[in-house]
Structures are given as C-alpha cells and as structure tokens.
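See below for the structure under consideration.
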Amino acid sequence: MTDPQPIRVLVVEDDPVAADAHVLYVNRVPGFEVTATAHTAAEARRALDKTPVDLILLDLNLPDGHGLALARTLRAAGHRADVIAVTSARDLAVVREGVSLGVVQYVLKPFTFATLRDRLTRYAEFRAAAGEATGQDEVDRALATLRAPAPAALPKGLSGPTLEKVTRTLQDAAPDGLTAAATADTTGLSRITARRYLEHLVTTGRAARSPQYGHVGRPELIYRWLPPA
C-alpha cells in the first residue's frame, strides 16, 4: 500500500523572515509539503498557474492587495484550493467575508508552531473525511474537526486582553527581555500585576526567567520570550 500524497501548500507572506518560518512550520507537520512561496499576490497567481496546490497559507496584508481580494480572484479563475488565513487583523467582518471564499481557518499573528500544527492537523482530518454521511451527527462531527478547541481558562484575576498586551510587550523586547518593572511601565499595569502575567507565561512555557546580577541588593528577575521550538 502506497503512502498518501502529501497535502500541497502554497505559503503567501510578504515578510521573507516570516515566510521562511511558515515554510519550516508547515514542513514539520506530517502529511504536508510546501511546494512554493510567494511574497505578493502577483507571485501567488503565477505560482498557482504553474503548480496547483491543495491549501494556501495566506497572509491578508500583501503589498499589492488584500489577501481576500486575491482569494476572490483565484476563485474566479477556477482555483479551488482551500485557504488558511494568517493575519494580525481582528475584524470579524473580514472573517465572515473569508468564509464565502474558501477560508477554512484563521490563524492570528503572532502564533506558535503548536498553533499552526493544530490547525493543519484539523484541516487534514476534515479533508480526509469521505463517503456519504449517515446523518446530521456525522456531518456535524466532520465540520467540528475544523474548529479549534476552546482555550484553557486563565487563572482567576487574569484577563485575555491584558495577557495579550503583556505577551506582545515581551515579544517586542526579545531577546533582551524585561523586568516586571519595565513591563509595568510599558503596559501601564502595576508591577505586581505585570509580574503575575509574566509568571503565567513562564508557567505555560512561553517565557523564561533568570536573575540579573550586578545591582545592590537582591538581583532582579529578567523575563524573556521563548520562541516556538
């Protein structure tokens, strides 16, 4: 029995560094293979004219147009590849528009390898579904494979928006890192509150802490963002 053909992926991302990271991520997921990379909408159209793909990992903010405009053009030209949108935008109107254009998943920047792996694995399960459904339950189960699991509840007293703010602040400070006091100054939080969020990032494996010596008194703790493995 021969192995199934890998799911062919086109990565469309205007930032070359991010594009390389996305290619690395996709190729690490079993059953997926990046066949081409494009940095503009025009490059993406040319790539698809040369080599059909099954899935497009599509940045929505391209230098020569919006990603959804590209998706619309591709549909009109007969390209049927599914789309996973990669974006930092959080406009739900854009999400709704994307559904009609074959966008099966959204991944918000910045994301980790684990996040993309989860989305790709779910897409592969959905794509593998075949045959005739026996009833509504089976249809619902097939569609449910595309949905991300509900996020784990945060510890009492922590909020999602504030955690995101602290996370972005720490990422922006990489690789030098920040103290709780510096994080508090940047985010407008109290030092105690900033430390709670930083410690949560350490607990969940997204940050590391280390003592900074050279000051009078107790050494300060430096928190550093941990890039995805």
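Observations on the model:
- Surface listing: R196, R119 arranged by accessible area from highest to lowest gives R196, R119, probe 1.4 Å.
- When each of the peptides 48-61, 104-117 is scored by the mean number of other C-beta atoms lying within 10 Å of its residues, the order from highest to lowest reads 48-61, 104-117.
- Neighbourhood charge, 11 Å Cβ-Cβ cut-off, centred on D64 and excluding it, Lys, Arg +1 and Asp, Glu -1: -1
- Local electrostatic count, A44, Cβ distance below 12 Å [Lys/Arg +1, Asp/Glu -1]: -3
- In this simple spin-label approximation, T115 and E164 carry label points 7 Å from Cα along the Cα→Cβ vector, and these lie 1.0 nm apart.
- Straight Cα distances below 26 angstrom link K109 to the lysines K156, K165, with same-chain residues fewer than 8 positions distant left out.
- Efficiency of FRET from Cβ geometry, R45 and E199, R₀ 45 Å, rounded to 0.05: 0.40
- Förster-model FRET efficiency, 25 Å R0, Q171 and L24, C-beta, rounded to 0.05: 0.85
- Gyration tensor (alpha-carbon) shape descriptor, segment 9-68, a/c threshold 1.5: oblate
- Total formal charge among the other residues, if their Cβ is under 10 angstrom from that of R8, Lys/Arg +1 and Asp/Glu -1: -2
- Placing a label point 7 Å from the Cα of E125 along the Cα-to-Cβ direction, no residue of segment 70-89 has its backbone N under 13 Å from that point.
The values are calculated or read from the model by the stated rules, or taken from the named source; none is laboratory data. Source: prediction; values computed, not measured. Note that each Cβ is placed from the backbone with ideal geometry, even for glycine, and that neighbours are counted across all protein chains shown. For the accessible areas, the whole protein counts, side chains as well, though only heavy atoms, and no ligand, DNA or RNA atoms are used. Shrake-Rupley method; radii C 1.70, N 1.55, O 1.52, S 1.80 Å.
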